[in-house]
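Visitor: To start, I am sharing the structure in question, which I have written as structure tokens.
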Amino acid sequence: MVPPANCFTVLVIDDLPANRVLLGKVLKNAGYAVVEAGDGRAALDLLEKGVVMPDLIVTDIEMPVMDGITFVECIRHLGTPLARVPVIAASGNADEMMRRGALAAGCDVFLTKPFDLATLRREIGSLIKARRQSAGNRGDTPAAESAPNRIELRLRETK
């Protein structure tokens, strides 16, 4: 799947199809291209096969096969550009130890479900913007990331 040139791609990982559908609709309405996976192992397979190179990942924590924390640990140790992709962890479990574990594994943000969609959109925009600026400072900004897009324009309008 090749996203339009004027949007970013978000990989959504959740074992509950209803959660993936809801989050996918919200993100697509905001202009993002969305790729879905039902668990961390399926997501890792997509990434390793080069099916998708997301600009951001939103992952559930508690999933069968491979949980979100193990998934994040795996991509953070790849030593490829995937290791720098921002990750938002989400869980219905508001346990402080789970939040700490997710952040220690390399997640950038931890949100408790059900999360406020405006907060989620704001966090996604902030993380993608920070990644673009970081890549630009290293001099390795991909062409697709250096072009303005609908999301960035919407973020400017709301400030």
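Visitor: What is the Cα radius of gyration of segment 1-109 over 2.2 N^0.38 Å, N being its residue count?
Guide: 1.00
Visitor: Hey, another quick one. When only DSSP loop residues count, what trypsin sites (Lys or Arg not before Pro) in segment 1-104 have their Cβ near at most 12 other Cβ atoms within 10 Å?
Guide: LYS49
Visitor: Taking the Cα of ASN29, stepping 7 Å toward and past its beta carbon, and measuring to each backbone N in segment 98-126: which are under 15 Å?
Guide: Output list for this probe position: 115-122.
Visitor: How far apart, in nanometres, would the label points at MET97 and THR112 be if each is projected 7 angstrom from Cα along the Cα-to-Cβ direction?
Guide: 1.7 nm
Visitor: I need the shape label for segment 31-91. Rule: rounded when a/c is under 1.5, else prolate if a/b > b/c, else oblate, with a, b, c from the alpha carbon gyration tensor.
Guide: Here segment 31-91 falls in the rounded category.
Visitor: Starting from the 7 Å offset along Cα-to-Cβ, what nm value, one decimal, do you get for the label separation of ALA130 and MET53?
Guide: 2.2 nm
Visitor: What shape does segment 78-121 have by the C-alpha gyration tensor, where a ≥ b ≥ c are the square roots of the eigenvalues, rounded means a/c under 1.5, and otherwise prolate means a/b greater than b/c and oblate the rest?
Guide: Cα axes put segment 78-121 in the oblate bin.
Visitor: Work out how much length LEU16 to VAL65 would gain on full extension: take 0.36 nm times their residue separation and subtract the Cα-Cα distance, in nm to one decimal.
Guide: 16.3 nm
Each reported figure results from applying straightforward, stated rules to the coordinates on display, with no laboratory input. The model shown is predicted, which means the values in this text are computed figures rather than measured ones. Every residue, glycine as well, gets a Cβ built from its backbone with ideal geometry; the counts of neighbours run over all protein chains shown.
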